[in-house]
Amino acid sequence: MRVAGNAGGLFHLRDGAVIAVDSAGSPGVEVLLLGSVRVSAEDWNAALVESVETGSLQAALIARGHLGPDEIQAVALAAMQDGAFAVAAGDVERCVVEDDTEEPLLPSAEGVAPEVLLADTADRLDAIASLPVPLSPYRDRVVAARGAEPSSAERREIIAHATGRRSARDVAFAIGRSLHSVTVEVSRMLDEGLLEIAPPATAFSFSHWGLPSLRPRTETGQTSGKELHWTTTPWPPNCGSFEKTSPE
């Protein structure tokens, strides 16, 4: 099922279960694996080449001896959940069911029931909206506060990429971590005064994709209502229109 919008995404389903979600709004399995430092770029590229013959990227990665099947499946599940969150955090215009799509690189072997993934995504949206400083992972650009001295290596890495021209989404791709976890950490760092929302003069206004904030920043307590749709709308969620296509 392809969800058109910003950031949009592609939900891969098999036998009624979601096995992968690809979205331009969140790092996929490749970025997450490379960010974990367990897989090098050379090993990843070699495994891709080998998988053309074997038909299994997971088997090719396991054969290189750095990861086991459980570790790979954990990353596949995390990427799926993060992809669904990325789709929900943006604008959804319509959904199109496609009968013929490419297989995902690293699908979840078990898959997740749509209603379970939907509930998990709703929880993540609610958690973001309830943070002390709710922010859009796409719209809001962040910059390090003057004199900021984060204590952890994780936070220092975020500070290093908080140039005023990067959103939480951009930082997530840069450091190889999930969109949701980076958005949560950025919000906490904003609340603690380690980061600041960059002024328009610093941020690139043309690079935010025009995505709305999860909650308007001007009036405390007033929500956009977007997260509520995820708790009341049946699968597929938030689709302005729904289409079905068939291969020629």
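The values are calculated or read from the model by the stated rules, or taken from the named source; none is laboratory data. Note that the coordinates shown come from a computational prediction; the quantities given were computed from them, not determined experimentally. Neighbour counts are summed over all protein chains in view; Cβ atoms, including those assigned to glycine, are modelled from backbone coordinates with ideal geometry.
Laid out as a table, the results:
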item	result
Selection count, the stretch 168-180, where residues are touching a residue at least 12 places away in the same chain (Cβ under 8 Å) and in a helix (DSSP H, G or I)	9
Test: residue in the stretch 48-59 that is at pLDDT 90 or above, closer than 20 Å to G83 by Cα and surrounded by fewer than 22 Cβ atoms within 10 Å (Cβ to Cβ)	yes
Filter result for the condition that a residue is touching a residue at least 12 places away in the same chain (Cβ under 8 Å), farther than 24 Å from E71 by Cβ and surrounded by fewer than 16 Cβ atoms within 10 Å (Cβ to Cβ), over R146, R155, R165	R165
Pair list, Cβ under 7 Å, 6 or more apart: the stretch 44-57 residue touching a residue at least 12 places away in the same chain (Cβ under 8 Å), other residue surrounded by fewer than 16 Cβ atoms within 10 Å (Cβ to Cβ) and assigned to a helix (DSSP H, G or I)	L57/L48
In the stretch 70-101, the residues that are surrounded by 17 or more Cβ atoms within 10 Å (Cβ to Cβ), closer than 30 Å to L135 by Cβ and either hydroxyl-bearing (S, T, Y) or more than 13 Å from the chain's Cα centre (by Cα) (or both)	D91, V92, C95
Candidates E30, E42 - the one that is in a helix (DSSP H, G or I), surrounded by fewer than 16 Cβ atoms within 10 Å (Cβ to Cβ) and not small (G, A, S)	E42
The lone exception for L67 - which of (1) more than 18 Å from E103 (Cβ to Cβ); (2) in contact (Cβ under 8 Å) with a residue 40 or more places away in the chain; (3) buried (at least 17 other Cβ atoms within 10 Å of the Cβ) it fails	(2)
Looking only at the stretch 102-142, and only at residues there that are touching a Leu at 6+ places or on another chain (Cβ under 7 Å) and surrounded by fewer than 20 Cβ atoms within 10 Å (Cβ to Cβ), the one that is nearest to D15 (Cα to Cα)	L105
Residue list for the stretch 97-127, restricted to those being acidic (D, E), in a helix (DSSP H, G or I) and without any contact (Cβ under 8 Å) to a residue 12 or more places away in the chain	D123
Complete set of residues in the stretch 1-27 that are of a type in the set (A, V, I, L, M) and buried (at least 18 other Cβ atoms within 10 Å of the Cβ)	M1, V3, A7, L10, V18, I19, A20, V21
Residues located in the stretch 3-27, provided they are assigned to a loop (DSSP other than H, G, I, E, B) and either β-branched (V, I, T) or over 11 Å from the mean Cα position of the chain (by Cα) (or both)	D15, G16
Lone qualifier among G9, G35 - being over 29 Å from R64 (Cα atoms) and of a type outside the set (S, T, N, Q)	G9
Search result, residues across the stretch 168-180 that are surrounded by fewer than 20 Cβ atoms within 10 Å (Cβ to Cβ) and in contact with an Asp or Glu (Cβ under 8 Å, 6 or more places away or on another chain)	I175
Among (1) modelled with pLDDT of 95 or more; (2) over 24 Å from A79 (Cα atoms) - the single one A172 does not satisfy	(2)
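Table: residues versus (1) charged (D, E, K, R); (2) out of contact with any Phe, Trp or Tyr (no Cβ under 9 Å at 6 or more places or on another chain).
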| residue | (1), (2) |
| --- | --- |
| L135 | no, yes |
| V143 | no, yes |
| I159 | no, yes |
| A168 | no, no |
| F173 | no, yes |
| H180 | no, no |
| E185 | yes, yes |
| R188 | yes, yes |
| E192 | yes, yes |
